[in-house]
Structure formats: C-alpha cells, structure tokens
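Remarks on the structure that follows.
The values are calculated or read from the model by the stated rules, or taken from the named source; none is laboratory data. For clarity, every value in this text was computed on a predicted model and none was experimentally measured. Cβ placement follows ideal geometry from the backbone for every residue including glycine, while neighbour counts extend to all protein chains displayed.
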C-alpha cells in the first residue's frame, strides 16, 4: 500500500526543489558535533554571501533532488545539511 506524503513533507520537497532550481552550487555536509550556537554563527556568516544553511531529513532531501544531482549516486545516509549558494 503506497503512502501519500502529508502537507508538511510535500512543502519541504517543494521548497528544496524551488531552491535548487536557481542555484549555482549546493553542498552536502555532516553537521554532527556542531553546537546550536556554531550552526547559528555559520548561518549568520553565510547570509550576507547569499547562501543558506539548512538541515533536511535524508528521505525528503533525496526526493527533492531526484534528477538534480545526476552525478551524485545517493544522498548520504548520515545526518547531513545542505548549503545552497
């Protein structure tokens, strides 16, 4: 039995697809070990450069990037975040 995504999950997938449609680069990083304060500092430093730092669930990120990351075999299985420039 197939499951249908709820509205919040569908909104995340749509958000990521829209974000990736107009970017020059996207980076996937592991964020474990960084404190909330460190992540906030990183976000503040990236904002003036026109970049964002967001954390997405792997499954939703994978659904969002189908066809976009053609050279990327799979979205990493570890907890990760996405930098969009």
Output the residues belonging to the stretch 1-19 that are farther than 12 Å from residue 61 by Cβ, modelled with pLDDT of 85 or more and more than 12 Å from the chain's Cα centre (by Cα). 6, 7, 8, 10, 11
Could you list, in sequence order, all residues of the stretch 40-67 that are in contact (Cβ under 8 Å) with a residue 24 or more places away in the chain and touching a strand residue (DSSP E or B) at 6+ places or on another chain (Cβ under 7 Å)? 46, 51, 52, 53, 54, 55, 56, 61
For residue 62, which of the numbered conditions (1) in a helix (DSSP H, G or I); (2) surrounded by 15 or more Cβ atoms within 10 Å (Cβ to Cβ); (3) in contact with a helix residue (DSSP H, G or I) (Cβ under 9 Å, 6 or more places away or on another chain); (4) modelled with pLDDT under 85 fails to hold? (3)
Select, from 33, 37, 67, 22, the only residue that is in a loop (DSSP other than H, G, I, E, B) and at pLDDT 80 or above. 33
